[in-house]
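The values are calculated or read from the model by the stated rules, or taken from the named source; none is laboratory data. Quick caveat, the model's predicted, so the values are computed rather than measured. Here the Cβ positions follow ideal geometry from the backbone for every residue, glycine too, while neighbour counts run over all protein chains shown.
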Amino acid sequence: MENFNYVRPAKTGDAVKAMKKAKDGKYMSGGMTLLPALKQGLASPTDVIDLSGLKNSGAKVTAKSVTIAAGTTHAEVAGDKGVKKAIPGLSTLAGGIGDPHVRHKGTIGGSIANNDPAADYPAAALALGATIHTSDRKLSADKFFTGMFSTALKGSEIVTDVEFPIPKKSGYAKFPNPASLYAMVGVFVAQSSDGSVKVVVTGAGPGVFRVPEMEAALSKSFSAKALDGIAVKAKGLNSDIHASAEYRAHLITVMAKRAVDAAK
Amino acid sequence: MNETGIGARVKRKEDLRFITGKGNYTDDINLPKQTYAYFVRSPHAHATVKSINSAKARKMPGVVGIFTGAEVAEDKIGGLICGWMIHSKDGSPMKAGPHPILAVDKVRYVGDHVAVVIAETKEQAKAAAAAVNVSYGVLAHNVDAAQAMTTKAQVHEAAADNRVFNWSIGDEAATDAAFRNAAHVTKLDLINNRLIPNAMEPRAAIGSYDTGTESYTLYTTSQNPHVARLVISAFHGLAPEHKLRVIAPDVGGGFGSKIPIYAEEVVCVWASKRIGGRPIKWTAERSESFLTDAHGRDHVTQAELALDANGIIQGLRVHTTAAMGAYLSTLGSVIPTYLYAILLSGQYNIPNIYAVVDAVYTNTAPVDAYRGAGRPEAAYVIERIVETAARELKIDPAEFRRRNFVTKFPHQTPVILCYDTGDYGATLDMALEMAEYSSFPERKAAAAKKGKLRGIGFSAYIEACGLAPSNAVGSLGAGVGQWESAEVRVNPVGSVEILTGSHSHGQGHETTFAQLVSDRLGIDINNVSIVHGDTDKVQFGMGTYGSRSGAVGMTAISKALDKIEAKAKKVAAAVMEASADDVEFKNGTFTVKGTDKKMAFGEVALSAYVAHKFNTAEIEPGLKEGAFHDPSNFVFPAGVHICEVEIDADTGVTEVVNYTAVDDFGNIINPMIVEGQVHGGIAQGVGLALADGCVYDKESGQLLTGSYMDYQMPRAADLPSFKLGFTCTPCPSNPLGIKGCGEAGAIAATPAVINAITDAIGVRDIAMPATPQVVWKAMQPMRKAAE
Amino acid sequence: MPAISMKVNGQAVCGDVEGRTLLVEFLRDKLGLTGTHVGCDTSQCGACVVHVDGKAVKSCTALALACEGAEVTTIEGLAKNGKLHPMQEAFREHHGLQCGFCTPGMIMAAVDIVKRNGKKLDEGTIRHELEGNICRCTGYHNIVAAVMAGAGNM
């Protein structure tokens, strides 16, 4: 890994300043994705601006929403009783990311900002209709995720909080890549209080995506059985040595059913 | 029973340092003025090396030296060797291509070693290596064993059709006749997938040249440091053996992958002189381990079994294409021949066997031993085809096996081996009972209610280990003997040091070997230390692989202990003024028959060194004896493993839900350690069946499974706890009656798992590793039919 | 080079490191605490697990500078006053190690599992919780037994 200048500002404003000053800066939150990428030489920033010094962690639960500070680790989200009660699917999702050691360091802000196509959080954000708060503005999740490893974040902009409206029911089911444990197919299902349903898939395509046919079926009847015979087309899905596009397409239906069964 | 003697569940002596972080692995060692090496590796599967320009790299910070094949040639350092000569059917010797420690004119696989950069720090060496400009002329490549003899990509000039040898064993005519007369023939095509061993400690080496004594020291992650010294001395020509010390300190797992002598370690020790004697350290990054550790398996096999009308096996015919990779590794040639085909009789009475093996070059990492080395591949062939035959003939698979078991010993197979002892029916009986075979249908029905497909699979494996009579292996092409050495040094205070040529890298020799000594000399196990892994301390030895350290290594110790006992008796007799014939030794005490005279072992040891009370013209002072033990036969551990799986019909996920292993290892020194060896072996065997899969991209020749992101290692949640049982027919060819247990699990488990999966989903065969995707795909035709 | 100070195994330590220096490099190369191992380069094997401020993390995926002021515990710091930690004892008692290379990370992970899940652990929980640690020798059978026993004695 190439050397870099390291700073760990205590304030968001200072982090933004440091990024603006840097020739080729990278923000780092938990470092669970960035550090392996640096080790592999996939990136060689001049400056790493560590956001862990901002100490912005914790979840605030109100009657309508759960707002999680960007620096909250996966373990903290998974262990938060308020989150578990309000959005069980989100709690399950956080508790299944990586492994215990990764969950101790990786953060929701880092996961959202990186938008790895095999990451879990983007599925929840999109399915729950989250609002991403940044150092500059608020963005809805569907505007935030723009494609593989890309988001609407600009230059020095930092994710500060993720606000999730509380659904009536939510569930997440993941089929992990047997080697990496990343999502090969993950499906987040959320039913809002008005009965409408969102079904969002991660890991299977170049980025998170919704499945309108499943959403329509589940809006009529929120049961796994309602998904019988509904399948996503394989075309355009990821294909690799672990799972062909066809297998991923099949797993989407299976995982969607399991997410519905698990939804609380 | 002595509580630290043979058969006792003694806690491991070596554990204290490992559980407190005080282990001493090669990468933990740092020498004064140490530099760091980083290797420039081929990004291509096959290419000519047109030029290497390191001018820019040489100017980079911290660079101490950059060396290529040119400097290696200048110093007349020889290439890597294969130590076992195999002859083809037509009598021609195997076609070994050159294997320089740094590429000369060609690279033959992705990761092939091209140049080395030595710098003050790891990071500097790596940065400078990236700046070395190598110009390649890309050539056609082939990574597929099945295509090797028809591809246009020719890996070595010496082998026009990429065929290293075309070897056979058995009686072709008699076997053909058995097939002509058969009532039933079962045919099965099998692929035993390539895997990457992945010992958790990556390979590492520190080479150091002492300009004062003109001698070299190499610290390395080796299973056989003396063999490494011999090869580096005699074949690479670096220095005579007495000027080269090889130390293999704590080694973090080997599984065969640390038997071969590798380019990196030779380069480090050689180049140290080139940079004025500063030590050079190299530690593989895991991605380098994936690319360059010797891989395992990679067989493509067609097998046929001839049966009579009663399901009695009449003959077995096998053709195997075995990938050797781009070069012949140290033992690469013997694995698909004399460690494979001679096991094809399994536990069965098969009157006629004929096997042909084509070994081929492919543009991949070299293939060498991986836990079991040839024997798992043989067990896979025989146990898969036997299971398939039983199913075709609608005979219960346990009954089918029993009908064909060898029951009289010694049993001469048609493929060299003569099984000395065993009771295969007894192990099967115990396994059936422990696995609750009779109630399997109920478990299957219960699983079906949960939407799971449950299957059961057998594996009645045999292995030949404890390599092996030296004259026998010599006649088969081995470059070295396969004995083992030991020296027993009794100190004046009665404590004992055992110098053994075996090497422990997880097997627990420091405990089991000490148990033997404790048992024989009646002394506390804490008064025994086991010294191994350092050629300056220990006499020449052959190292540890092939489950040989118990049967061969401990027998050498036992023989040396015999001599110690004999000598000590003479000393005791002299001191107690008795005839040596009247001295008895038991529980650590020497007594004189018919008297109350006695001496403790420690007292005799002291007397031997003080040497006041005996005539030193008749009895030499001191108490130190050595022995070399050459086995008279292989040893033949065997057993029955039964695996039950449940398959999730929706996803194809296979869960191993029950695993029973009953093994006959003869006498057991330490049941706790033996059980641990079986557990670990099973996990690796299950891994090969379900997880471990090495994949090269046919188009690009690149390794697709080059990290743990893509290469699946079995994790705790992928495995169940195992049920273990033991039967015992003591081995007649060594005084301890022990066989070998290190590889059994890895040999047995793979076919047991695949037999269970094919049983669960009702297919003849399934590719390994049977990942969820593979199983799901295999289930589709039936699902479609059901719909 | 930036300076760094932290507490490792109860002792205040300091040193100069680069921005890119990983915690495991600081521990092994600067402090000589070679009990923490590096078994992979993609943050998966878990041989490098240490505790930072009481939580198990992979020291190969943490920058040394990010641990400024932190309290770090490595395998060398687990035994107290010459007495082995119950989890260390349990690994020896139950033959939970063979080559020993994954062992320090395994033990540190196991202690963390007990901290988070309590002393009463079932086999399924232990196997699931060990997903960040790979062992090639033991087949996990005895590691699971060791963690269960060690948990009970903690």
(request) Could you list all residues from the range A:62-75 that are among the hydrophobic types (A, V, I, L, M, F, W, C) and either in contact with a Leu (Cβ under 8 Å, 6 or more places away or on another chain) or within 12 Å of another protein chain (Cβ to nearest Cβ) (or both)? (result) A:66, A:70, A:75
(request) Residue by residue through the range A:104-147, note down the ones that are acidic (Asp, Glu) and not in a helix (DSSP H, G or I). (result) A:116, A:120, A:136
(message) Within the range B:1-93, considering only strands (runs of 3 or more DSSP E) that don't extend past its boundaries, which have at least 2 residues that are within 14 Å of another protein chain (Cβ to nearest Cβ)?
(response) B:35-41
(message) I'd like to know if the range B:215-232 contains one or more residues that are out of contact with any helix residue (DSSP H, G or I) (no Cβ under 6 Å at 6 or more places or on another chain) and of a type in the set (D, E, K, R).
(response) no
(request) For the range B:646-691, name all the residues that are buried (at least 21 other Cβ atoms within 10 Å of the Cβ), closer than 20 Å to residue B:772 by Cα and more than 10 Å from chain C (Cβ to nearest Cβ). (result) B:646, B:647, B:652, B:654, B:656, B:658, B:688, B:689, B:690, B:691
(message) If I ask for residues that are surrounded by 20 or more Cβ atoms within 10 Å (Cβ to Cβ) and closer than 16 Å to residue C:55 by Cβ, which ones from the range C:88-124 would you list?
(response) C:105, C:107, C:108, C:109, C:110, C:111, C:112, C:113, C:114
(message) So in the range B:702-739, with the set limited to residues that are more than 7 Å from every other protein chain (Cβ to nearest Cβ) and small (Gly, Ala, Ser), which one is farthest from residue B:646 (Cα to Cα)?
(response) B:733
(request) Pull up the range A:97-120, narrow it to residues that are more than 14 Å from chain C (Cβ to nearest Cβ) and of a type in the set (S, T, N, Q), then point me to the one that is nearest to residue C:133 (Cα to Cα). (result) A:111
(message) Among the residues that make up the range B:755-763, is at least one of them within 30 Å of residue B:466 (Cα to Cα), assigned to a helix (DSSP H, G or I) and within 14 Å of chain C (Cβ to nearest Cβ)?
(response) no
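Is it true that residue C:121 is within 14 Å of chain A (Cβ to nearest Cβ) and modelled with pLDDT of 95 or more?
Taking the combined requirement at face value, the residue satisfies it.
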(request) Search the range B:523-554 for residues being within 11 Å of residue B:484 (Cα to Cα) and among the polar types (S, T, N, Q), and hand back the single one that is surrounded by the fewest Cβ atoms within 10 Å (Cβ to Cβ). (result) B:539
(request) Give just the number: which of (1) facing chain B (nearest Cβ under 9 Å); (2) crowded, with 24+ Cβ neighbours inside 10 Å does residue C:127 not satisfy? (result) (2)
(message) Could you check the range C:11-33 and list, in sequence order, the residues that are in contact with a strand residue (DSSP E or B) (Cβ under 8 Å, 6 or more places away or on another chain) and either surrounded by fewer than 19 Cβ atoms within 10 Å (Cβ to Cβ) or in a loop (DSSP other than H, G, I, E, B) (or both)?
(response) C:12, C:13, C:14, C:15, C:16, C:17, C:19, C:20, C:21, C:30, C:31, C:33
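When only residues in the range B:555-592 that are in a strand (DSSP E or B) and charged (D, E, K, R) count, which is surrounded by the most Cβ atoms within 10 Å (Cβ to Cβ)? Walk me through how you get there before you give the answer.
Start the filter on the range B:555-592 by keeping residues that are in a strand (DSSP E or B), which leaves B:583-586, B:589-592.
Add one more test, that the residue is charged (D, E, K, R), and what stays is B:584, B:586.
Details: B:584: 13, B:586: 8.
Per the criteria, the residue is B:584.
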(request) Say whether the condition of being within 14 Å of chain B (Cβ to nearest Cβ) and closer than 15 Å to residue A:177 by Cβ is met by at least one residue in the range A:210-229. (result) no
(message) Can you tell me which condition residue B:209 does not meet? The list is (1) under 30 Å from residue B:709 (Cα atoms); (2) in contact with a helix residue (DSSP H, G or I) (Cβ under 8 Å, 6 or more places away or on another chain); (3) aromatic (Phe, Trp, Tyr), and all the others hold.
(response) (1)
(request) Scan the range B:29-47 residue by residue and report those that are of a type outside the set (A, V, I, L, M) and surrounded by 18 or more Cβ atoms within 10 Å (Cβ to Cβ). (result) B:35, B:36, B:38, B:39, B:41, B:42, B:44, B:46
(message) Just to confirm my filter: which helices (runs of 4 or more DSSP H) fall fully inside the range C:63-154 and include at least 3 residues that are in contact with a strand residue (DSSP E or B) (Cβ under 7 Å, 6 or more places away or on another chain)?
(response) C:103-117
(message) Looking at (1) under 22 Å from residue B:285 (Cβ atoms); (2) more than 11 Å from chain B (Cβ to nearest Cβ); (3) in contact with a Cys (Cβ under 7 Å, 6 or more places away or on another chain), which one does residue C:62 not meet, given that it meets all the others?
(response) (3)
(request) Name every residue in the range C:65-101 that is over 30 Å from residue A:4 (Cβ atoms), facing another protein chain (nearest Cβ under 7 Å), of a type in the set (S, T, N, Q) and out of contact with any Cys (no Cβ under 6 Å at 6 or more places or on another chain), in order of residue number. (result) C:88
(request) Name the residue, out of B:305, B:316, that is closer than 26 Å to residue B:475 by Cβ, away from chain C (no Cβ under 14 Å) and buried (at least 23 other Cβ atoms within 10 Å of the Cβ). (result) B:316
(request) Please list, ordered by first then second residue, the pairs with beta carbon atoms under 8 Å, 6 or more apart or interchain, first in the range C:33-53 and facing chain B (nearest Cβ under 9 Å), second buried (at least 24 other Cβ atoms within 10 Å of the Cβ) and among the polar types (S, T, N, Q). (result) C:33/C:74; C:35/C:74; C:36/C:59; C:36/C:74; C:43/C:61; C:45/C:133; C:47/C:36; C:47/C:133
(request) Just give me the residues in the range B:593-605 being out of contact with any helix residue (DSSP H, G or I) (no Cβ under 6 Å at 6 or more places or on another chain) and surrounded by 18 or more Cβ atoms within 10 Å (Cβ to Cβ), in sequence order. (result) B:602, B:605
(message) It is to be established whether one or more residues within the range C:15-27 are in contact with a Lys or Arg (Cβ under 6 Å, 6 or more places away or on another chain) and more than 8 Å from every other protein chain (Cβ to nearest Cβ).
(response) yes
(request) Count, please, the residues in the range B:121-162 that happen to be part of a helix (DSSP H, G or I) and basic (Lys, Arg). (result) 2
(request) Keeping to the range A:80-99, report how many residues are assigned to a helix (DSSP H, G or I), within 17 Å of the chain's Cα centre (by Cα) and either closer than 22 Å to residue A:15 by Cα or free of Cβ contacts under 8 Å to residues at least 40 places away in the same chain (or both). (result) 5
